[in-house]
Amino acid sequence: MNKNNKLCKLENITKTFPGVVAINDVSFDVNLGEVHALVGENGAGKSTLIKMLGGVYRPDRGAIYFKNKKTVFTSTCESQNKGISVIYQEFNLIPDLTVAENIFVGREPKIFGSLIMNWKKLNSDAKKILEDLDSDIDPKKYISDITIAERQMVEIAKALSIKSRLIIMDEPTATLTGKEVKKLFEIIKNLREKGVSIIYISHRLEEAFELSDRITVLRDGKKIGTKKTSDTNESEIIEMMVGKVVKEYFAESSTKHEKKEVVMEVNNYSVADYVDNVSFKLYKGEILSIAGILGSGAHHLLRSIYGAIPKKAGEIYFEGKKVNINDPRDAIKLGIGFVTEDRKDEALLYDMSVLQNLSIIIIKTLTFLKGLFIKAEKEKSVFDRMKDRLDIKFSNYNQKVIYLSGGNQQKVVIGRTLITNCKVLILCEPTRGVDVGAKAEIHKIMRELADRGISILMTSSELPELVNLSDRSIVLYKGKVAAEFDRETMDEEKLVEAQIGQTSSKIIK
Amino acid sequence: MVDIRSRNLKVKVAQQWENFGMLFILVLILAIFSSLDPNFRTVYNFISIFKYSTFIAIGGIGMAFCIMSGDFDISVGSMLAFVGVLGSSFIPFIGGVGAVLSTIVIASILGFINGIFITKLRIPAFITTLGMLYIFRALAYLYTSNVPVYIENKFWLYIGNGKIFNINFPIILMLICYLGGYLLLRKSPFGRYIVAVGTNPDASRLSGINVDKVRIIVFTLVGFFVGISSVVVSANLGSANPGQLGQGYEFQVITAVVLGGTILGGGNGSLGGLFVAALIITALKNGLSLMQVDSYWQDVATGLVLIFAVALNRIRYTLLGQRE
């Protein structure tokens, strides 16, 4: 192979963390002007690998070659100076600075012997780079005032302004709309033509296939293989990713649910700025989804019902009785469970063990001497039951919850609510950030719960999840009910149309 | 290539450091002073180090809870002085036992008030307790007109100086406090709540924990342990002096908690580490005093030990490849 064709090469890289080998003897290379897709389930080691290129981690063993020179990146700064930009999922932008300032942060044009910022040049330079990207973002706007898609554009502009030869994108489309994704793809293709190399990390295989020249699959920290995109297909890659043939699992509702018993009724419910006069009924043993794009109010509605954010108006009847829910404590007492979409910031107790994370919600009841002391045995037995039921995998009771995979963390969080024997379970994005296998398991668990009479109220931004899992779906658009579908009338296309507000002519009731 | 075996050794050392690192530093300090100064290596001196460490060790329990729960209280030194002069002035009216108990109760109430300001009025803990640092100290001066209260009551004095089976009473009191603290932190639901709130307050709220209530109780506990310390310290001195009592106490206590391995910002911590850290600080001061080192240089030494210990912790995290 032509040696000069390689921009970047990793040789036999190994990186360990306590108890985990995150990257095990991985070799990998990127050609000049190539889009190289890096795929693998959660915990496969993609993030660790790119963090070594970005100078966040240093490999324990192995060597990195960049532009044919052996290199050690000791800091993010160094890797940037050498021509590598990493665009992380959580962007590295400073919200209180303008777009232009962020693009040129640390390299601002100055006048008067570099004492004073040359604002004029700063803004015009920024504008030029953004125009090259076909973007009309105002460089004077603050980062906190622009959309997620625009922020991503700013990250790309920043990478170009420092003349990066290699741009690494970690799940760039995770928070973008269809239109924005298309635009991003165009930009990536343009960059490739200009000779910039790109490592593209994504869960979405169809994106990898559309964009990439080659695909590398990681699993459990090992490299499974690199394929030329034109020589392979999705099912082969999936097999490489999971190590076995997996079909997406969507259990059919086994008992056809009958609209009989109303468990919860929500009337004329409003949440300031987000939800406007929404009413619905939740039946026993059904999975009802509240669908809607970001800002539709779906999340706010569910959070407010649980008492996590205040309501503006409206009534809730629970099992026929009017109830006041002002705090999550009230909801828990009634028998309402809640799983947040933001596992990291709102669910996991990082510094605590797997056992303690699960039991925290009912720990008060697992006690003796009038609630003074915890009954360790009882706590363990309650945990074991939930562990078996949800098939949570962990090494020991004292293992900290951060060391579990995303899927197992999510099971712990779901287990935490189930342990209260709730009658209504509210799930926001139940499978966000979990791998394919765990996703299927969680879907199966949800269906089982519904079959046992628990009512599930969920929201998800994944269409297949909405369509295949819910018995009924209510679509919110700008805080109002835009459409309602049942299992027979629901399909992906109609759901999308309703979510973006294009159903006024054909509301299906 | 890095030798994997030497790396494993490093990781093992790093892991064990968490459990025994502070103990190692304590032994090191004791060994150094013992070899330098014959007056240091006496049984009598070792016991007195133990005894004086209780000042910091008892007050540190409440502070450890507070820091674990993600809060902070810098009013403890002034609070110690205020409740000391107030409580001891009650002796003529309600007797020693009553005065001691009311000192502890008043301190708890002051802690409770801190908690109410912080949670219900949403004033940051740092600001609230900074304000209280001024207020409590000023109240102590105002109440006594800057005249120390001399303590002659036997019961009160016993708490700082008495002995049971030849063991200093403060040491016994401290052991009781640590047993209680341990049970509360590790064996009771409330201990779980403290750590949960410190680790992730949002997740705690969504899990049905009354976060405000937990924080208020924690501040009350800070007061409770300060109350006990106040009696011990003033009994030991034989007087409650509004200007001297608890001067710089907040930083000694916070130093001990941090040195003991509890991370500022909240999360799990260690009472055992705190106990050892209190001994380290006391032994250091004691050793340097015996060698007639200027008291300002003693403070320099304490500061250096704190920075050094936290630096070692950082190295440990790097070795383990963890983020803090």
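Computed values, structure above
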read-out: Extreme residue, nearest to the chain's Cα centre (by Cα), among residues of the stretch A:288-337 that are within 14 Å of chain B (Cβ to nearest Cβ), of a type outside the set (A, V, I, L, M) and assigned to a loop (DSSP other than H, G, I, E, B); value: A:306
read-out: Yes/no for residue A:281 being assigned to a strand (DSSP E or B), away from every other protein chain (no Cβ under 14 Å) and free of Cβ contacts under 8 Å to residues at least 12 places away in the same chain; value: no
read-out: Flag if residue B:186 is in contact with a Pro (Cβ under 7 Å, 6 or more places away or on another chain), of a type outside the set (A, V, I, L, M, F, W, C), surrounded by fewer than 21 Cβ atoms within 10 Å (Cβ to Cβ) and within 14 Å of chain A (Cβ to nearest Cβ); value: no
read-out: In the stretch A:340-360, residue farthest from the other protein chains (Cβ to nearest Cβ) [restricted to those that are surrounded by fewer than 23 Cβ atoms within 10 Å (Cβ to Cβ) and touching a Cys at 6+ places or on another chain (Cβ under 9 Å)]; value: A:341
read-out: Condition broken by residue A:131, with the remaining ones in (1) buried (at least 18 other Cβ atoms within 10 Å of the Cβ); (2) closer than 17 Å to residue A:194 by Cα satisfied; value: (1)
read-out: Failed item, numbered, when residue B:171 is tested on (1) within 14 Å of another protein chain (Cβ to nearest Cβ); (2) surrounded by fewer than 24 Cβ atoms within 10 Å (Cβ to Cβ); (3) under 30 Å from residue B:16 (Cβ atoms); value: (1)
read-out: Condition met for residue A:442 (more than 12 Å from chain B (Cβ to nearest Cβ) and touching a residue at least 24 places away in the same chain (Cβ under 8 Å)); value: yes
read-out: Which listed residue is farther than 30 Å from residue A:493 by Cβ, of a type in the set (Lys, Arg) and free of Cβ contacts under 8 Å to residues at least 60 places away in the same chain, from A:158, A:128, A:183; value: A:128
read-out: The listed residue being away from chain A (no Cβ under 11 Å) and of a type outside the set (S, T, N, Q), out of B:198, B:223, B:191; value: B:223
read-out: Boolean, residue A:28 is closer than 14 Å to residue A:13 by Cα and part of a loop (DSSP other than H, G, I, E, B); value: no
read-out: Helices (runs of 4 or more DSSP H) contained entirely in the stretch B:137-214, each with at least 2 residues that are touching a residue at least 12 places away in the same chain (Cβ under 8 Å); value: B:154-161, B:169-182, B:189-199
read-out: From A:355, A:390, A:372, residue being under 28 Å from the mean Cα position of the chain (by Cα) and farther than 27 Å from residue A:302 by Cβ; value: A:355
read-out: Condition check for residue A:363: among the β-branched types (Val, Ile, Thr) and either at the interface with chain B (Cβ under 10 Å from one of its Cβ atoms) or on the phi > 0 side of the Ramachandran plot (or both); value: yes
read-out: Within the stretch A:338-351, tally of residues that are under 24 Å from residue B:193 (Cβ atoms), at pLDDT below 90 and not in a helix (DSSP H, G or I); value: 3
read-out: The stretch A:379-397, residues that are among the charged types (D, E, K, R) and more than 12 Å from every other protein chain (Cβ to nearest Cβ); value: A:380, A:384, A:385, A:387, A:388, A:389, A:391, A:393
read-out: Criterion: buried (at least 20 other Cβ atoms within 10 Å of the Cβ), of a type in the set (A, V, I, L, M) and modelled with pLDDT under 90 - qualifying residue of A:392, A:332; value: A:392
read-out: Members of the stretch B:124-142 that are more than 17 Å from residue B:247 (Cα to Cα) and surrounded by 16 or more Cβ atoms within 10 Å (Cβ to Cβ); value: B:125, B:128
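The values are calculated or read from the model by the stated rules, or taken from the named source; none is laboratory data. Worth saying up front: this structure is predicted, and the values here are computed from it rather than measured. Cβ coordinates were reconstructed from backbone atoms using ideal geometry, including for glycine residues, and neighbour counts include every protein chain displayed.
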